[in-house]
Every structure is written in structure tokens, then in C-alpha cells.
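Every read-out reported here was derived from the displayed coordinates using simple, explicitly stated rules and does not represent laboratory data. For clarity, every value in this text was computed on a predicted model and none was experimentally measured. Please note: Cβ atoms are built from the backbone with ideal geometry, for glycine as well, and neighbour counts cover all protein chains shown.
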Amino acid sequence: MMTSKQLFGIAFALVALPVCAQAVQGQIEVGVSRGYDLGNKDALGKYENVPTGPGLYSMDLRWDLPSNYWMEMGATDLGTNTQSAWLRGGKRGDFKWRMGWDELPYVVGQNVDTHYVETNPGVFRLPDALRSSMQSTYWTSTTAVTVAANTPGNVALGTALAGLFPNKVDLGTQRRTATGGLEITAIDHVTLNLDYRYDRREGNQITPIYDGTTIAQFAAPIDYKTHNFNMNAQYANGRWFAEVGMDLSRFTDGVERLYVDNPMRLTNVSATNPTTGAYYQQQAAVMGMPTAPDNSAFGWNVAGGVNLPLHHRVVASYTSSSMEMETGLMAGSTIPYYADQTGGYNTINARMDTSLTTLKVMGDPMGWLGYSVSYRRYELKDKTFEYYFPLRGRGDSTAPTADPHGHEDESWKKDSVKAEVHFKPMRGMRLGAFVSQDNADYKNRFAEEVKDTIAGVTFDGTFKSFSVRAAYSELSRTPSKFEEGETPDVAGVGSFNDQARRTAKIYNAVLTYMPTDDLAVSFTAAGVKNTFPDAPLHGLQDSRTDTYGMDFTYSLTDRFSLNGAYVYEYIDSRMISQYLGTTASTALAADKWANKSRDQVDTFKAGFRWQVIPGKLDLTSDFDYSQGRGDSVYTVGSLAVGATHSWQSAGYNSDPNATTKPYGFNMANAGPFLNQEVVNRIFIWKTQATYRFTKQLSGSLLLWLQRYDKKDWAQDAMSTYTYLVDPGANKSIFMGRINPAYDAKVIRASVSYRF
Amino acid sequence: MTKRAWVLMAATLGLTLGLATTPVRAAEGKTGAAQCAECHQETVDRFRATPHSHSAAACQGCHGDATAHIAGGGDKSKIHTFKGLPASEASATCLKCHEKAGQTHFKGSAHDSREVGCVTCHDVHPKGAAPKALLSKPQFELCTSCHLQKKAALMRSGHMPMREGKMNCTSCHNPHGNTHEKQLIQASVNANCYACHAEKRGPFLFEHAPVRENCLNCHDAHGSIHDNLLKVKQPILCQQCHIGTRHPGQLHVNDRYSFGQGCLNCHPKIHGSTHPTGNRFWR
């Protein structure tokens, strides 16, 4: 990528030349920017980058050429990893073409600690000394354990690992997208459209690998390339209209496999777990993991319709798509006995076909009365060969078990019928009612069929000083049949809340009040309340989302206007569960527990526009603040804490003030306790002064304050090692990902020239 | 500077130079507009800055023949005006020309049927420079003026890059309607997501059924306070369905099922696996 100085040179040239010409319209903005307290690097949030030094912030130029030809050229933030540029042109009434380039960063973490070193693409190694240290912490021979792994407050492993070769790595990806397209309108009644998009994502993502006992996180490389091509044509003439299209997509991953050092590979080939006495097998030196498989998709669609007399209209469409994947198997794993598990397949491929058929008839023959009736069928057919595998391995470190399994048919389809009627009793008012039914049919879900019935009403009204839009509906979901012995409330089976019996009440309303031309105030309410009546003992019982908000714009004078908004969101879900043994008979009431997870978000927005000196000096300010907080309240059974069937083990360090990580939560027997909260706050305040020197030339000064902080009990506790996570996995290696936080200040001065 | 950068710069400069020296388009001389300007100068000036000004019909393309209106000394009843018209009736004028491309299915669409018409979002006579598609506000601002809850959701910590200007509502939805649910551009929610997340498309040897059916079973595309746009924090999200024997039904707050990536610490291939022992999504 070019440096910002090089791009500034281009930008300067771009400015200099059009300034001398009269043909160009548009504007160009160049300037200089400086950021402070941006954190480790120049990333501001997940998707933003603050350029430092000179830069071209925006450009939007247009040329109207002879014979109805035209051209546009634009760019934003050249020289940064958020830059974009485009070029468009065409001839009015005949054709348009377009080309574009866009970049988008996705920053997950910067300077993240990891013990792994990527020696080759996709190959991750651990220093031998680190592995030896881990082993000597837990055992010195095949039988003798030197440190009890479940001792509360045990920090031996942490101490041993803390100083050993931590490396720093940036977590995140950079997406680069090139687009091109052509639209031809030269043929009467016909529009042809061609689009191509090339999308490349490079970087890495935090990835865990599990060997049956050990979890190891590392920064798996990403090298994704996607080619998308789309072509379609529309025809409209009089009452008839039609369209036809096709899509082609090809995805490839430049990293086919990942090979990761087994952190617990023993010099001595075996040892026993100090708690359970279970025998560890750690033969695998390297653990293998397949990455996202290369795949492709092809689809086509047709649609058409006719406008009939008396405002009736019929529309039908059919869309068909096919997805395919093929990948090699044998190189995919280092699991011992792997060859025995593959069922003799060297490669596998998978294919799924989808289709969507729709038919809609609608009309408003009398003006005050209208209707629509529609039918839809979405179908997914799993065309994958019925692979069969005789053995299953839990990971690299344990022998496979005789667990015959194979690919299962994931086919399903859904038929939907919807009818709607509305009438307009007076000008500006519309009342509607609708009912719909969806019937889903599954090949491989616990419920073979699921029926959704939805009925609702709508109200829309536009009156002299206010308008109202409101809707209310109720959903009733009924799984018509579960496979024998597999109902949501039978021990050992999940509740599968996307299939379980459900009732829902859904509402939304917007009231906009405009008493004068200077003031507009809107009030919003929306929500869904779900109940799952088949889950009295296990699973999700109910969930709810509610949103309430208001916003306003007010023009105090011709030169000064205010705007503001506040939205409160409430999202909660309640579930219940209990420890179950391998058979339902082992369930104990004392092992019951319940959870209520709740998120609340407050969002504020405020701003003003002020023409301080009309035609000369403008001042604008925009303030955004969002505070999200989530918590989980648990209620546990009398035997749950520290009991056999709970993972709240005595061996866990539950001292929240512990200097070593992670620390846990204090829990009380048989009483509710609050899991630590997730809190994140985003504060953005941009204030800009713009002074117009001439009609063409203006200068701006932008002050941009942005603050972000996050508290997340599941992430904050992590470091590059995690000891005593629980008795079953007391030697995990995580990445030391710290939630990003910053208190950034950005100052930008720029000059804008309008042609 | 790299060779590619030099080539890019030379091409850009050449293009700029060539275009910058091209004569300005001849002044607009459409029949009718000049006459309209005699009384409606400001409106016509705004109109002239828009692509519609290149239409041969000019003002009369939408307002109809103005002869009687002019002869009547500006009699408003003698010309087609849009003020006070129901949205669907006002839209009918626009759809005479804009009946193809993305607008094919506008009649009877979700917006049209609720009296959200063309001029609700588009301004035919905008002040200042004509914005793209003549939108009356920037798109994100425009859509969220009604869908306020979506504006709030997109301010959450986990969000699509919309407030940064890298996506907009029309990246996923066609506000003019189509035959798909929620006016999605693709035929299903998942197909929409695969357009950018093709690595999740598979298909896989072992599929996670709720994932294959609908990404929104676990993710809130409009924003979440949890990582990866998850609707509920791990491990509760998984436990709301998976309450089977042993560890799925156990309480997890201080263990490997809850820290880091929660359940995905051991089941990272939750979107599907191509591994022969991947039916539990371990590899």
C-alpha cells in the first residue's frame, strides 16, 4: 500500500489540475490530521483508522461531457486502511459503468500475548522450554505428580509460564474489495446489469484447538478470496414486467490446514490426572485442524408479473442455488488412528441445493380496500453423499472410540401462506390485518414438522400535525411431532428453542409529532415477548426484547437547529437446567439451576447546526453515547456449589483480587448470585467549524473525541496461560487478549475546494 | 513508491487532465423549464442540479402539461401537484419511468403498502448539490428516522461497520421491495450473510442445523453488546438449546466453558466441520 505522503502527492495533483479547468463539478478536501491516545496503534475502534499527517479525506468530482456522456471520480481517506476510491461513467439513457476499491479493517486486538510462533503459514510452534515447564509443573515422571493441580490458588503453572517467550501479535483482518459493474439501458424497456466483486480478507483470527484435554488458543491465519459475479436483466413494458438473473461465487482459503504444537506433548509419554486418576495420552506432537473449505455457489432466478385492471397485480418468482465444497481428508489431522476413522475416504465433497418459489397476488380495486395473498416455499436439499465413519476421536491425545457416525441429511423446507387486507376509512388513514402460516418440514431435527401461525394488525395514519405507524402481531409455534422419546422436556435432550413450542407477542409503533415546521418529535416503541411453555424443567423458558425511544429536531432560528435522541433497549432471557447423567435417572433436583441473562443499552444522541456568520462560518457538533451492560443472575440448587455435578470446583481460585488470572466468582449455595457484568461504553463527540473564504474555498477544523472501554468477565480474566480452569482442563493456553480501550482525541484541519 | 503506484498515479493524472479540459456541458435548454423558472426560479434551479434535468420532459415529466396552469395565471388546480397526495399516488408518477432495476417490485412492497412512497425518502428538488439517488438525508440517517431501534442497535459495541460509513442498509436490504423476506437482497438470511462471509457457506461434512437454517438464531445482525454479534453471551447462548447430559446441562461460570470463547474453546467449528470426527465440531 502506498504511504500517506505518496497518496497526498497524488491528491495534490488531482486538486491542482481541475482547479484550472471549468468543466469539473464537485469538491475535494485535503488536510492534516493528528491523533492522541489512540491506544497501541492508530486504530480507532474495530473499523476505523485515524490517518496522521497529510491526507485526502474526500473527493467527489463530476464531469458532464458532450453527447450526454458523464463521469464521476471520488475517494475517501486515501492513504489509510479505510481508504476507498471509485470511478463511474456512462452515457445518459444508454449505459453506466462503475469501478470501485474499498478497504475495511477489523481490529480485534493489538499487541496480544501468545506463546505460539507461526514458523510457516499455518504452522505454529511452542518453545521447548515452555512445554517442559508445563510438564514439570504437573508431573516429573509418568506416575509422580509434583503439584496438585486442584489446589486452590495454585499459581505454579502461571508463574512458570509468565516469563517464557511471550510473543506479540495483532489480531484482526483487513478486507480489500474491488468492484466493477455495467448497466445498459439502451434497449427499450430493458435494463441489463453486470456486477463483479473481488473480496480479499487477510489477517488472523483467534482460534482454539482442543486435543481432548487441552485447549490452546493461537492466531490462525486468514487468507480468504471470494469472487462474486452477478448478471441480471429486467424488462418492463406496459403492464408486464420480468427479470432474470444469475450469480456465481467462488471462495478459496489460501491456508488449507493448521498445524499446532501440542502444548502438553510429553517427553514421558503418559501421566495421570491428579484428580481423576485418568490416564493421559499425549502422543501427538502436532495437532492438525482443517480451515474453511474452498467452496463455490451458483444460482439463477426468474421473476415476472402483470398489472391487471382495477389495480390488481400478480408477481411470481423462482430462485435456485447450489453450493458445493470439496476437500481432502487425509492431510486434515494428526490424530492417532486417524486413518482408521476416515472410513476409507481420501476426499469428501458436499453439496446443497436451495430454491425459493413465490407467488403473490395483490390489489386495491376500490381505492379504499386492498388485499394481498402470497405463497412461498423455501427448500434446502442436502445432496451430500452419505459418508460413514466407524470411529470418533475426541482429540489428538485420546484413542478413538467406537462411535459409528456419518453425515446426516440436513434437508428441510418451509411453506408459507400469508393473507393481508387493508382499508382506508379516510384520507391519510390505513388499517390492516394479516394472518400467515408457515409449515416447516425437517429431515434431521428433533421436531419433524414445525408450524408457525401469525396474526396481526397494522395502523398507519398521517394527520395534520402528527403521524402514527403501529403494528401488533402474535405468533404461535407448534412442533407437530418430535421424534419418539425426544421431546424438549425429556432428560438428555436439548430444548432446541428454534423448534420448541413458542408463543410470541410482537409490537412496534412510531408516533411523529410535528406541531410546527420547526419542530418534529418522534416516539418509538418496539418489542418481542417469547414464551416457551414446553420447557418447565429444561431450556429457554422465555425471552423478551423491548425498545423505547424518542428523538427530535428543532430549528430555533433559521441559523440554529438542535437534534437529540434517546433509546433504551432491554433484552432478557430466562432458562433453567440441571446436571444430567448419562441417563435421565441420574438427574437430581438439587443440581437444578436457573439463569436470567439481561442486557440493557442506553443510547444518547445530540447535536446542533449553527450558522454563526451566515454564508461564512458554520459550527456543527454531534455527540453519540452508548452504554451497554449485561449481567447474568444464577440461582443454584442446594448441592450445586462445589458438588460433584457442578463445575464450580473447590480447586478454582475464586479470589477476585487475585493478581493471577483468571479469577472466578463467589457463589452462594442455594441462593441467587450475580455473575460479573459485561459493560461497554462508546462515546463519540465530533465538533467542526467551517469557514468559507470564498464561494469555492473553505477551511475546516474538526475536533473528534472518541472513548471506548469494555469490561467483560470472560475476556478480562484471560492471560497467556490459564491454570486451574477446572479439574478436567487445568492446563489451557489462551492468548492474552485484552479488551481494547482508548480515550482518543483527533484533531483535523482541512481545506475544501468546491468546483 | 511501487511501480504499480506510479502507473496508478499516471493513469489518474491523465484521466483528470483529459476530463478537466473538456468544455462545460451546454446550458440546459429543456422545453418548459425556462417558462417554469419565471415563477419558480428557486425550484427550477434546484431541479437543474439533478439528473432529472436531463430528461426531455423536464418539469412536465412529473407535473404534466403546464399550458393551462400558465394560462390560468398559476392556477394550482390546472397542474399536477404532489402536495397532500397519498404516497402511493405520488409514487405512481415516479414509477412511470423507474419501473425497472431495483424498483420492479415496489408496488405492493412493504413500504408502499404502508404509505411510504418515493418522495418520503427522495427529494426531487434538493437544496444544494444533488445527493446520490436524490436521497433527502444520508441513507443511514434516512432509514433510521423511522427504524430508530436499529439506529440504537448499530451503536452497540458489536456492530456492522455502518456508522463508519462502510456499509449501509441497502447492503443487505432492498427498500424498494422484492420477493424475499424482510426485503433482503438474497433469497434467504444465510445467503445474504454468505455474500461477505463466504467461508461460512460450506456446505460442510457435518452441519450444525440451526446455523445452516438461519444465522439469526445466534447472531443479531444489527448489533450486540457481546462479541461476534451474539444475541446472548456464551455459554448461556448454547445452553438455551443444549441441555443434554453432563456438561451441556451443568452450570458454568468459573470454568473452561465460560472463559475465553466459552463453548467454542472446545467446539470451534460451530459453523460446520469437514473433519471425519467433526460431528461435535471439535475440528
Q: Set the Förster distance to 25 Å, then compute FRET efficiency between residue A:421 and residue A:240 from the Cβ-Cβ distance, nearest 0.05.
A: 0.45
Q) Using a Gaussian network for chain B with springs between C-alpha atoms less than 10 Å apart, which of these wobbles most: B:42, B:141, B:164? A) B:164
(Q) Given the C-alpha atoms of region A:31-90, compute the convex hull and give its volume per residue in Å³. (A) 75
Q: Please average, across the residues of A:64-71, the number of beta carbons from any other chain that are within 10 Å of each residue's own beta carbon, and give a whole number.
A: 3
Q: Place the peptides A:358-364, B:188-194 in order of packing, highest mean first, counting for every residue the other Cβ atoms within 10 Å and averaging per peptide.
A: B:188-194, A:358-364
Q | Mean separation of Cα contacts under 8 Å, 6 or more apart, over the residue count of chain B: relative contact order % | A | 12
Q.
When 1/r is averaged over all different Cα pairs and the result inverted, which Kirkwood radius in Å belongs to region B:105-245?
A. 17.3
(Q) Test of understanding: ordering A:687, A:401 by Cβ neighbours within 10 Å, fewest first, what list do you get? (A) A:401, A:687
Q. Can you tell me the Rg and the Dmax, both Å, for the Cα atoms in region B:143-203?
A. 12.7, 39
Q) Which FRET efficiency value, to the nearest 0.05, is calculated for residue A:480 and residue A:457 with the Förster distance at 35 angstrom and r the Cβ-Cβ distance? A) 0.85
Q.
Tell me the Kirkwood radius of region A:490-577: reciprocal of the mean inverse pair distance over distinct alpha-carbon atoms, in Å.
A. 15.9
Q: Determine, for A:598, A:748, A:34, the number of other Cβ atoms within 10 Å of each Cβ, and report the residues in order from fewest to most.
A: A:34, A:598, A:748
(Q) Less than 9 Å Cβ to Cβ from residue A:362, Lys/Arg counted +1 and Asp/Glu -1: what total charge do the surrounding residues give? (A) +1
Q | Peptide-level mean, for A:90-98, of C-beta atoms on other protein chains within 10 Å | A | 1
Q. Quick one: Kirkwood hydrodynamic radius for region B:166-247, alpha-carbon pairs, angstrom, one decimal?
A. 14.4
Q: Return the subset of A:745/B:182; A:225/A:360; A:592/B:233; A:418/B:132; A:383/A:529 for which the Cα-Cα distance in this structure is over 32 Å, preserving the input order.
A: A:745/B:182; A:225/A:360; A:418/B:132; A:383/A:529
(Q) Can you compute the equivalent ellipsoid semi-axes for chain B, i.e. the square root of 5 times each eigenvalue of the Cα gyration tensor, sorted largest first and rounded to whole Å? (A) 52, 26, 16
Q. Across peptide A:505-514, how many C-beta atoms of other chains are within 10 Å of each residue C-beta, on average?
A. 1
Q | Vicinal HN-Hα couplings computed from phi for region A:114-120 (Karplus, 6.51 cos²θ - 1.76 cosθ + 1.60; Hz; Gly/Pro x) | A | 8, 8, 7, 10, 7, 7, 9
Q) What's the extension gain from residue A:562 to residue A:444 if we count 0.36 nm per residue and subtract their Cα-Cα distance? A) 36.9 nm
Q | Residue order, fewest to most beta carbons within 10 Å, for A:183, A:118, A:410 | A | A:183, A:118, A:410
